[in-house]
Amino acid sequence: MRPALLVVDLQKAFFSAGQQTSQSLEQSVAYVNSAIGMFREHGLPVIFVQHISPDDGLLPGRPGFEIDEKIDALPSDIRIQKQHGSSFHRTGLTEKLEELKIDTVFIAGYRAEHCVLSTYRGAKDDGLAAILIRGALSSPSQENIRFVECISDTVTVGNLKYLLDDASSVGNIYKHAYNEAQ
């Protein structure tokens, strides 16, 4: 397993998009940051995907586009911009993952039933193993989160640690490839 973490659409604008959305995002922050910390601890790539929507004013350099400050994003993290639901559709993400020799993506982010699920399916369409991180998904609807988790491969943050520890036995290979690609 050569894993990377995809963090989808955890942008400032969504944290103020209504009470249910904001509450769901706030509940997911600790899980997302825990996963980010684990990937960094193992020297594995963390990739942030940011949604562009000109109709909603969600554009690079505009308020709300940046990753929310509650998320442990670093300037050195890989950034991908998307205009469609799937983080794989016309973004260069597939090529970046190939360059890093990634075969497995763990996914966290917003909106479980839209962009997260589309990204999950896009990863599978590209022949990658795709796994959602339970607790690290958000949506205005808790029912939709449960549904997406039920129809997808998922892992808890606790079990993610064990999977990454197992992967780190050959992790020096990934660290080397990741460092070279940056």
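The values are calculated or read from the model by the stated rules, or taken from the named source; none is laboratory data. Just so you know, these numbers come straight off a predicted model, no measurement behind them. These accessible areas exclude ligands, DNA and RNA; they are computed on the full protein's heavy atoms, side chains included. Shrake-Rupley method; radii C 1.70, N 1.55, O 1.52, S 1.80 Å.
In plain terms, the bigger the Kirkwood radius, the slower the diffusion; for the range 1-78, with that radius from Cα pairs, at 20 °C and 1.002 mPa s, Stokes-Einstein puts D at 162 µm²/s. For the chain, the per residue solvent-accessible surface stands at 47 Å², with DNA, RNA and ligands left out and a 1.4 Å probe. Classify the range 1-159: rounded, prolate or oblate, from the alpha-carbon gyration tensor (a ≥ b ≥ c, eigenvalue square roots; a/c under 1.5 rounded; otherwise prolate if a/b is larger than b/c)? Note, shape of the range 1-159 comes out rounded.
Taking the protein heavy atoms of the chain in the context of the full set of protein chains, the accessible area attributed to carbon and sulfur is 48 percent at 1.4 Å.
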